[in-house]
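Some notes on the structure that comes next.
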Amino acid sequence: MGSKFVLVKNKVKKFKKILQVDGDKSISIRWLLLASQAIGISKAKNILRSEDVLSAIECLKKLGVKIKLSNQNCVIYGRGINGFKLKKNLILNAGNSGTVGRLILPLLIKSPFKIKIIGDKSLSRRDFSRVIDPLNKIGVKFFPKGKKRLPISILGSNYLRPINYYEKRGSAQCKTCVMLASLNTPGEMRIFAKRSRNHTELMFKNLKMPISVKKKGEIDFIKTSRPDKLSSFNLDIPGDISSSAFFIALTILSKNSYLVLKNINLNPSRLGIIKILNKMGAGIKTKNIKLNKGEKCGDIIVKSNKKLKAINCPSYLNSSAIDEFLIIFLIAARSKGISYFKNLSELNKKESPRLKLGSKILNMIGIKTKLTKNSIKIYGNPNINLNKNYEIRNYLKDHRIMAMCTIAALTLGGKWKIYDPESINTSFPSFIKILKTSFDVKFK
Ligand code: S3P
């Protein structure tokens, strides 16, 4: 993109469209990490070519894994479990990605050398004790001792032991970290996890790895153990519902418009956005549902809607919509009544403090909010129509803030100057291109 900011000064014109979005980020990264541990060649189609995924690829290449990318196709030459080429003074850069930073660690737990993990400014302020603590219990060491953030160095061990792990945040990253650690740990890992996205479980099952999952209320009891080997596997990666969320919002908040999003991952553990918006009266539908290697995929159909009502959002939906709250807040701002979202302290621990920044952006556009450390009340205004100038900067280049503000500008009006637009490349590199080519949006 090159420019320091984009200028958005017109609402999007009414539209009727069929669209595809980029591949799913969580699935792309998991496929890369697991395929690197397989024996033989694995191939993926429609892999997300975003900066987070490229960080995963760069880390794996530094660990001696051969990877070829061409367009949306990726070929990876797996080196088998614990088959990385390890050496002294390795530094792995996870960039902006919490998922890469936290999920590469369990693949290094037998390393005889210290490996340093670094990240960008945003990632370096995020909590890593949530994965350091369980890995410590498994027998892994970290340096400097007691440090909770990147940069940190990991030193593996030959004396690893399985643990009972209680995951209480609803964090798929923490759960997956311990699950991946079981690739290199003898015995049975027992994980009691508050429900969260279950792509790793589905991949383990699909690969016939030793795993059992029992569901009880909001808890999943997962048992995993070390497989003898992992066979290579191909995957056709579906579209990302977290990227779709911005176009769902664009449609709902525009006039007389209609959108079909094709071949999106519709894993129930990711459907929070649809469930929440439908409780608000959005009437979003899904169709053509198929199973793709254990993952539900299908189309999303959405229409403009002027009659949305506020929601008292049940906390059990939080984890399944965790990356979508910024855009949900924007829709709540245009809905009738006071919406309430609670038990959301995790949101301030993302690429930026999203609960705080989301509230600040809504205040900037004249929407009243009541903010606490873990909740927000949004006083919606169905007649909101903006006509002032707005400037978005200093948001830690959080890709989802960038996209939320672009959608606000395209639907609520006003003249928006959004700095660091390239931040969107973290998760959704086609975002601007889709707006330009399919929705005739002009950016300066
Ligand atoms: C992710 C899990 C979520 C999410 C992140 C991707 C994953 O984080 O916010 O964007 O791929 O496992 P937490 O597990 O920390 O909530």
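A compact table of results
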{"item": "Residue within the stretch 332-348 that is under 26 Å from Ile434 (Cα atoms) and in contact with a helix residue (DSSP H, G or I) (Cβ under 7 Å, 6 or more places away or on another chain) present", "result": "yes"}
{"item": "The stretch 35-51 - residue that is surrounded by 24 or more Cβ atoms within 10 Å (Cβ to Cβ), aliphatic (A, V, I, L, M) and away from the ligand (no atom under 13 Å from the Cβ) and, of those, nearest to Ile104 (Cα to Cα)", "result": "Ala35"}
{"item": "Qualifying residue in the stretch 410-423 (condition: touching a residue at least 24 places away in the same chain (Cβ under 8 Å), within 16 Å of the ligand (Cβ to nearest atom) and open to solvent by 10 Å² or more (accessible area, probe 1.4 Å))", "result": "no"}
{"item": "Within the stretch 157-178, considering residues that are without any contact (Cβ under 8 Å) to a residue 60 or more places away in the chain and touching a helix residue (DSSP H, G or I) at 6+ places or on another chain (Cβ under 8 Å), the one nearest to the ligand (Cβ to nearest atom)", "result": "Lys175"}
{"item": "Residues (under 25 Å from the mean Cα position of the chain (by Cα), outside any strand (DSSP E or B) and at pLDDT 95 or above) located in the stretch 209-237", "result": "Met209, Ser232, Phe233, Asn234, Ile237"}
{"item": "Any hit, the stretch 1-22, residues being at pLDDT 95 or above and within 16 Å of the ligand (Cβ to nearest atom)", "result": "yes"}
{"item": "Residue satisfying all of: in the stretch 191-213; in contact with a Gly (Cβ under 7 Å, 6 or more places away or on another chain) and within 25 Å of Gly80 (Cβ to Cβ); most open to solvent (accessible area, probe 1.4 Å) among these", "result": "Lys205"}
{"item": "Condition broken by Glu188, with the remaining ones in (1) open to solvent by 20 Å² or more (accessible area, probe 1.4 Å); (2) of a type outside the set (Ser, Thr, Tyr); (3) within 16 Å of the ligand (Cβ to nearest atom) satisfied", "result": "(3)"}
{"item": "Among residues of the stretch 308-335, those that are within 16 Å of the ligand (Cβ to nearest atom), of a type in the set (D, E, K, R) and open to solvent by 10 Å² or more (accessible area, probe 1.4 Å), counted", "result": "1"}
{"item": "Check on Lys68, open to solvent by 10 Å² or more (accessible area, probe 1.4 Å), part of a helix (DSSP H, G or I) and without any contact (Cβ under 8 Å) to a residue 24 or more places away in the chain", "result": "no"}
{"item": "Residues located in the stretch 350-372, provided they are basic (Lys, Arg), in contact with a helix residue (DSSP H, G or I) (Cβ under 9 Å, 6 or more places away or on another chain) and open to solvent by 10 Å² or more (accessible area, probe 1.4 Å)", "result": "Lys350, Lys356, Lys368, Lys370"}
{"item": "Options Pro144, Pro112; residue that is free of Cβ contacts under 8 Å to residues at least 24 places away in the same chain and more than 26 Å from Ser427 (Cβ to Cβ)", "result": "Pro144"}
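Matching residues to (1) without any contact (Cβ under 8 Å) to a residue 60 or more places away in the chain; (2) closer than 29 Å to Lys121 by Cβ:
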residue: Ile338; (1), (2): yes, no
residue: Asn348; (1), (2): yes, yes
residue: Glu351; (1), (2): no, yes
residue: Gly366; (1), (2): yes, no
residue: Asp440; (1), (2): no, no
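The values are calculated or read from the model by the stated rules, or taken from the named source; none is laboratory data. Note that the structure is a prediction, hence the values are computed from the model and not measured. Every residue, glycine among them, receives a Cβ derived from its backbone with ideal geometry; neighbour counts consider all protein chains shown. Accessible surface areas use protein heavy atoms only, side chains included; no ligands, DNA or RNA. Shrake-Rupley method; radii C 1.70, N 1.55, O 1.52, S 1.80 Å.
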